[in-house]
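Remarks on the structure that follows.
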Amino acid sequence: MRCSAGSTCIRRAADSTHPMSSSGLADQIAALAADGLQRRRRVLETPQTVHVTADGRDYLAFCSNDYLGLANHPELIAAVCAGAGRYGVGAGASHLILGHSIAHHVLEDALAHFVQLPRTLLFSTGYMANLGVVTALVGHGDAVFADKLNHASLNDAALLSRAKFRRYPHNDLAALERLLAASRACRKLVVTDAVFSMDGDLAPVPGLVALCERHDAWLLLDDAHGFGVLGVGGRGVLSHFNIASSRVIYMATLGKAAGVSGAFVSAEGEVIETLIQRARSYIYTTATPPLLAHALLTSLELIVEETWRRERLTQLATLLRARLRTKHWRLLPSSTAIQPLVIGANDVTLRVSGQLAERGLLVPAIRPPTVPRGTARLRISLSAAHNVDDVERLAAALNELQ
């Protein structure tokens with residue numbers, strides 16, 4: 001649309017069916033509703049835990065990524081209060097101006113030690129971390145290779161980088177190797193979820209590392225759903241597979257299992273220094289409140305010390321899979337806290353989610369474009385804050401509704 005000529009803008013403004021007109025937007029929203037794809041927000045009135053009040057009603061919730069049940073932990077609440085007393089509330093500036101608190105610095109060192117990688121850089125969110133890494137490391141003349149079931153942030157980052165963007169079938173190492181072998185890109189970057197957020201399965205990390213070493217590529221692992229849950233002491237997917245490689249760039253979020261907020265990237269020193277100099281989503285944003293960084297030190301201690309939380313997650317996932325009697329629906333193979341029950345049609349999935357809500361059970365209906373067409377599902381998220389009776393209640397309701 002060229003406004004300098006004038007006529008184009010005037011003509012489009014007069015056309016009520018143009019997508020940017022108010023009626024055009026209304027039509028798009030109506031189409032989403034008709035296809036069973038319109039989202040709506042529930043209003044949470046309590047802390048994030050498994051027993052919540054939302055929209056004025058009490059529920060047992062299976063829809064949070066608070067896998068270890070730390071989001072409302074009294075020690076984290078106390079740590080936040082102590083951090084506020086020491087550092088105030090807002091950071092007040094970007095990291096490269098005067099927003100990089102000693103609290104951020106100490107947490108970065110602690111996280112690097114925790115995941116056993118040389119250096120770490122904090123980001124405000126996982127989305128911003130993925131955008132920062134990909135766009136800082138690759139561009140014109142380079143190539144990004146992505147699993148087809150990757151999180152949207154990895155796809156958006158690849159598109160924004162302007163590198164050549166190639167996608168391979170889910171967890172298909174043979175297909176990825178063909179793409180890598182045929183590429184003549186200056187730099188090659190493979191990007192993948194470590195635990196896939198809607199399927200609950202794991203990336204074949206050892207095979208991916210081997211391919212990247214063979215074809216001179218980097219590997220960006222998005223371990224948003226594995227950090228705190230997988231590996232020795234909850235150290236994540238690299239510990240789970242006992243992998244160490246200078247090819248790996250490791251990203252994890254701090255608002256899921258860690259129970260607080262933010263994200264971090266750990267890698268070799270030159271990679272982190274490049275991000276400090278070039279990652280726009282790091283450079284051009286205000287640093288997160290230092291009180292949160294202070295609280296996350298306590299979170300790391302809880303992750304390591306309270307091993308029963310990970311043990312309970314495994315127990316509950318096994319129990320759910322044993323109790324569910326799937327007739328018309330398909331429970332995807334997953335050993336993680338994410339247990340996807342594929343129903344298929346959008347309207348049926350929404351109806352089942354609604355019927356569960358009527359029974360006081362919150363389980364989200366996940367629909368396209370978050371998942372492929374025809375695979376709408378209930379995404380059951382387990383937490384260490386659940387107990388056996390909670391899972392038995394959910395399984396019984398689902399068995400009754402089939």
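Checked against the criteria, ALA293 does not count as part of a loop (DSSP other than H, G, I, E, B), open to solvent by less than 10 Å² (accessible area, probe 1.4 Å) and in contact with a helix residue (DSSP H, G or I) (Cβ under 9 Å, 6 or more places away or on another chain). The residue pairs whose first member lies in the stretch 54-79 and is closer than 17 Å to VAL43 by Cβ, whose second member is part of a strand (DSSP E or B), and whose beta carbons are closer than 6 Å, counting only pairs six or more residues apart or on different chains, are ALA54/LEU44; TYR59/VAL52; TYR59/LEU362; ALA61/VAL52; ALA61/LEU362; CYS63/LEU362; CYS63/SER381; SER64/SER381. Is there a residue in the stretch 157-169 that is open to solvent by less than 10 Å² (accessible area, probe 1.4 Å) and in contact (Cβ under 8 Å) with a residue 40 or more places away in the chain? The answer is no; no qualifying residue exists. Of all residues in the stretch 352-376, those that are assigned to a loop (DSSP other than H, G, I, E, B), of a type outside the set (Val, Ile, Thr) and either in contact with a strand residue (DSSP E or B) (Cβ under 8 Å, 6 or more places away or on another chain) or closer than 16 Å to ALA322 by Cα (or both) total 5. Looking only at the stretch 324-375, count every residue that is among the basic types (Lys, Arg), within 22 Å of the chain's Cα centre (by Cα) and open to solvent by 20 Å² or more (accessible area, probe 1.4 Å) and tell me the total. Residues in the stretch 324-375 being among the basic types (Lys, Arg), within 22 Å of the chain's Cα centre (by Cα) and open to solvent by 20 Å² or more (accessible area, probe 1.4 Å): 1 in total.
Against the criterion of being in contact with a Cys (Cβ under 9 Å, 6 or more places away or on another chain), under 27 Å from PHE227 (Cα atoms), open to solvent by 10 Å² or more (accessible area, probe 1.4 Å) and not in a loop (DSSP other than H, G, I, E, B), ARG379 qualifies. Pairs are defined by a Cβ separation below 7 Å, a sequence spacing of at least 6 or placement on different chains, a first member in the stretch 211-223 that is without any contact (Cβ under 8 Å) to a residue 60 or more places away in the chain and open to solvent by 30 Å² or more (accessible area, probe 1.4 Å), and a second member that is among the polar types (S, T, N, Q) and not in a helix (DSSP H, G or I); the pairs so defined are GLU213/SER245.
In the stretch 180-206, what residues are over 17 Å from VAL134 (Cβ atoms) and open to solvent by 20 Å² or more (accessible area, probe 1.4 Å)? Residues satisfying the conditions are ALA181, ALA182, ARG184, MET198, ASP199, ASP201, LEU202, PRO204, PRO206.
Results for (1) touching a Pro at 6+ places or on another chain (Cβ under 8 Å); (2) of a type in the set (Asp, Glu); (3) open to solvent by 20 Å² or more (accessible area, probe 1.4 Å); (4) under 30 Å from ILE243 (Cβ atoms), shown as yes or no for each residue.
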position	(1), (2), (3), (4)
ILE97	no, no, yes, no
HIS104	yes, no, no, yes
LEU107	no, no, no, yes
LEU111	no, no, no, yes
PHE114	no, no, no, yes
ARG119	no, no, yes, yes
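Criterion first (open to solvent by less than 60 Å² (accessible area, probe 1.4 Å) and more than 18 Å from LEU291 (Cα to Cα)) does ALA143 satisfy it? In short, yes. Annotation: of all residues in the stretch 261-281 being farther than 17 Å from SER239 by Cα and either under 14 Å from the mean Cα position of the chain (by Cα) or basic (Lys, Arg) (or both), the one that is most open to solvent (accessible area, probe 1.4 Å) is ARG280.
Go through the stretch 1-27 and give me each residue that's open to solvent by 90 Å² or more (accessible area, probe 1.4 Å) and either among the aliphatic types (A, V, I, L, M) or modelled with pLDDT of 60 or more (or both). Walk me through it before giving the result.
Step one: list which residues in the stretch 1-27 are open to solvent by 90 Å² or more (accessible area, probe 1.4 Å), which gives 1-2, 4, 10-12, 17, 20, 22, 27.
Result: MET1, ILE10, MET20, SER22, ASP27.
Take LEU76 and tell me if it is at pLDDT 95 or above, within 24 Å of the chain's Cα centre (by Cα), assigned to a helix (DSSP H, G or I) and surrounded by 12 or more Cβ atoms within 10 Å (Cβ to Cβ).
Yes: the conditions hold for LEU76.
Checking each residue in the stretch 60-80 for being out of contact with any Asp or Glu (no Cβ under 9 Å at 6 or more places or on another chain) and closer than 20 Å to LEU341 by Cα picks out ALA61, CYS63, SER64, ASN65, ASP66, TYR67. Evaluating HIS386 against the criteria (1) modelled with pLDDT of 95 or more; (2) open to solvent by 20 Å² or more (accessible area, probe 1.4 Å) leaves one unmet condition, (2).
The values are calculated or read from the model by the stated rules, or taken from the named source; none is laboratory data. Computed from a predicted structure; not experimentally measured. No Cβ is skipped: glycine too gets one built from the backbone with ideal geometry, and neighbour counts run over all protein chains shown. Just so you know, the surface numbers come from the protein's heavy atoms only, side chains and all, with ligands and any DNA or RNA stripped out. Shrake-Rupley method; radii C 1.70, N 1.55, O 1.52, S 1.80 Å.
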